[in-house]
Amino acid sequence: MPVIDKTEAIARLNDRARLGLDRHARIGMTPGLLGKLSDGTGVNDVIAQAATMAAMRKCTFAADSPERDFAVFEVNGTRAFMKIDYYDEALEYGSEDSADASVTRRVITIMAPEDY
C-alpha cells in the first residue's frame, strides 16, 4: 500500500468533506454571500444554497493550497471563497491533528470575499 504524506491525507479528508461524504463535517454560508445570491425568499435561498454547494464541489485549487482547504470560485457570476477549518470533536478548540479524522471535525465556511 502506498504511503500518503500528511498534506495529501489532509487534502483527501478535505475533499471528502467538500463532497458531502464526511458525516461529521459542518458546512455554512455567510449571510453576506447568501444576500448576493438570493432575494431573501425561502425558495430562492434554497436554490442559491444548492447552486453554491454544486459550484464548491467542482472548484479547483491553487498551488498554494496543497491541503485543498481554501478556494475561490464563482456562483452564477458572483465570486465566493471556501475555507476549511479544523476543530476537535466537540467543536470547541482547534484539532491537534487535522490528518486524523477520528479526532478532527471539519468546518467549511463559504463566504463572499468581503466576509473573509
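Per-residue 3J(HN,Hα) values for segment 85-90, derived from phi via the Karplus relation 6.51 cos²θ - 1.76 cosθ + 1.60 with θ = phi - 60°, read 10, 10, 10, 6, 4, 8 Hz in sequence order (x marks Gly and Pro). Okay, helix-only estimate at 222 nm for the chain: each DSSP H run of n ≥ 4 adds -39500 (n - 2.57), divide by all residues, round to 500 deg cm²/dmol; what do you get? That comes out to -10000 deg cm²/dmol. From most to least packed by mean Cβ count within 10 Å, the peptides 97-103, 68-74 give 68-74, 97-103. Taking other residues whose beta carbon is less than 14 angstrom from the beta carbon of residue 76, and scoring Lys, Arg as +1 and Asp, Glu as -1, yields 0. Rounded to the nearest 10 degrees, the angle from helix 42-58 to the longest Cα principal axis of the chain is 40 degrees. Less than 5 angstrom separates the built amide H of residue 88 from those of 93, 94, 95, 105, all sequence-distant by 5 or more or on a different chain. Using every alpha carbon pair in segment 1-61, what percent of pairs falls into each 5 Å bin from 0 up to the bin containing the largest distance? Distribution as computed: 4, 16, 21, 19, 16, 11, 6, 4, 3, 1, 0 percent.
Taking only Cα atoms and a 10 Å spring cutoff, compute GNM fluctuations for the chain and point out the largest among 78, 60, 41. Comparing 78, 60, 41 in the GNM, the peak value goes to 41.
Per the Debye formula on identical point scatterers at the alpha carbon atoms of segment 8-116, with no solvent, log10 I(q)/I(0) at q = 0.21, 0.23 Å⁻¹ is -1.10, -1.24.
Counting other Cβ atoms within 10 Å, which trypsin sites (Lys or Arg not before Pro) in segment 21-66 have at most 11 and lie in a DSSP loop?
Details: sites: 23, 26, 36, 57, 58; in loops: 23.
Those satisfying the criteria are 23.
Against the chain, whose longest principal axis is taken from its Cα atoms, helix 6-18 shows a tilt of about 30°.
Taken together, the values in this text are just the output of simple stated rules run on the coordinates, not laboratory data. These figures come from a predicted structure and were not determined experimentally. Counting neighbours? That spans all protein chains shown, and the Cβs are built from the backbone with ideal geometry, glycine included.
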